[in-house]
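The values are calculated or read from the model by the stated rules, or taken from the named source; none is laboratory data. Keep in mind that what you see is a predicted model, and the values were worked out from it rather than measured. We place every Cβ from the backbone using ideal geometry, glycine too, and count neighbours over all the protein chains shown.
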Amino acid sequence: MKPWKAVLLILVALAVAAVGYGVTLVRHGFSALATPSAVEELAATTARRLAVPSAYRQLRNPIEPSSENIRGGMEHFAYHCAPCHSNDGSGHTVFGKGFYPKPPDLRAVGTQNKTDGELYYTIDNGVRLSGMPAFSGTHTAAQTWRLVLFIRHLPQITPEELNEMNQWDQKSEANPAHF
């Protein structure tokens, strides 16, 4: 078989698969409640990775990881991020359950393995088509870097810290007075 015929055959097979996948999506709808398929997840994570400029990937947090700075990030997170991400970073909130794609578990390896610059860029610029807004202009650079420190702290968050955050976050699911 000639090389151009093989390439053409592969392209036709990919086009047929894409059409079949599209028909399946249309038949089942685009509910935000559905779990994303492996194809959607791969496309989303690839797009997110490509969206972060390489200059940001190499940035390191200029804010020292002191208890005061982590606490500053914790308080800011409770007020501004917890409604979607939850105080513990799990993403299990009323809003988070309704998003598509779901907010990531910020404690998970996938998030914790991101560079400081990738986290900073995501907070500052948001992620299109995901529900993650851009906070550039509403958060100072120092506030955003403290949020990065706090995200790094989430896997070790204590029950006492969570209780304190629940008192700050009046929108938290853990605060029954809100619902």
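Here is a yes/no grid of residues against (1) at pLDDT 95 or above; (2) over 11 Å from the mean Cα position of the chain (by Cα); (3) within 26 Å of Pro159 (Cα to Cα):
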residue: Val109; (1), (2), (3): yes, yes, yes
residue: Tyr121; (1), (2), (3): yes, yes, no
residue: Gly131; (1), (2), (3): no, no, no
residue: His139; (1), (2), (3): no, yes, no
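For Phe150, indicate whether it is surrounded by 14 or more Cβ atoms within 10 Å (Cβ to Cβ) and under 19 Å from Asp88 (Cα atoms). So Phe150 fits the description; yes.
This table checks each residue for (1) without any contact (Cβ under 8 Å) to a residue 60 or more places away in the chain; (2) over 27 Å from Asn113 (Cα atoms); (3) surrounded by 12 or more Cβ atoms within 10 Å (Cβ to Cβ).
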residue	(1), (2), (3)
Val19	yes, yes, no
His28	yes, yes, no
Arg48	no, no, yes
Ser54	yes, no, no
Leu59	no, no, yes
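When you look at Arg71, is it in a helix (DSSP H, G or I) and closer than 30 Å to Thr24 by Cβ, yes or no? Walk me through it before giving the result.
Values: in a helix (DSSP H, G or I): yes; closer than 30 Å to Thr24 by Cβ: no.
When the stated conditions are applied, Arg71 does not pass them.
Would you check if Leu119 is among the hydrophobic types (A, V, I, L, M, F, W, C), more than 27 Å from Gly29 (Cβ to Cβ), without any contact (Cβ under 8 Å) to a residue 40 or more places away in the chain and buried (at least 18 other Cβ atoms within 10 Å of the Cβ)? If you could, list the steps in order and put the result at the bottom.
Details: among the hydrophobic types (A, V, I, L, M, F, W, C): yes; more than 27 Å from Gly29 (Cβ to Cβ): yes; without any contact (Cβ under 8 Å) to a residue 40 or more places away in the chain: yes; buried (at least 18 other Cβ atoms within 10 Å of the Cβ): yes.
Answer is yes for this residue.
Only one entry of Pro133, Pro36, Pro65 meets the criterion of being farther than 23 Å from Met165 by Cα and either of a type in the set (Phe, Trp, Tyr) or surrounded by 12 or more Cβ atoms within 10 Å (Cβ to Cβ) (or both), and that entry is Pro36.
When you scan segment 60-67, do you find a residue that is under 17 Å from the mean Cα position of the chain (by Cα), farther than 18 Å from Gln156 by Cα and charged (D, E, K, R), even just one? Break it down stepwise before answering.
Within segment 60-67, the subset under 17 Å from the mean Cα position of the chain (by Cα) is none.
No; the residues of segment 60-67 include none that is under 17 Å from the mean Cα position of the chain (by Cα), farther than 18 Å from Gln156 by Cα and charged (D, E, K, R).
Listed conditions (1) buried (at least 18 other Cβ atoms within 10 Å of the Cβ); (2) polar (S, T, N, Q); (3) under 15 Å from Arg60 (Cβ atoms); (4) out of contact with any Asp or Glu (no Cβ under 6 Å at 6 or more places or on another chain) are all met by Thr111, apart from (3).
Output the number of the condition that Ile63 fails; it satisfies all remaining conditions of (1) touching a helix residue (DSSP H, G or I) at 6+ places or on another chain (Cβ under 8 Å); (2) part of a helix (DSSP H, G or I). In the conditions (1) touching a helix residue (DSSP H, G or I) at 6+ places or on another chain (Cβ under 8 Å); (2) part of a helix (DSSP H, G or I), Ile63 misses (2) alone.
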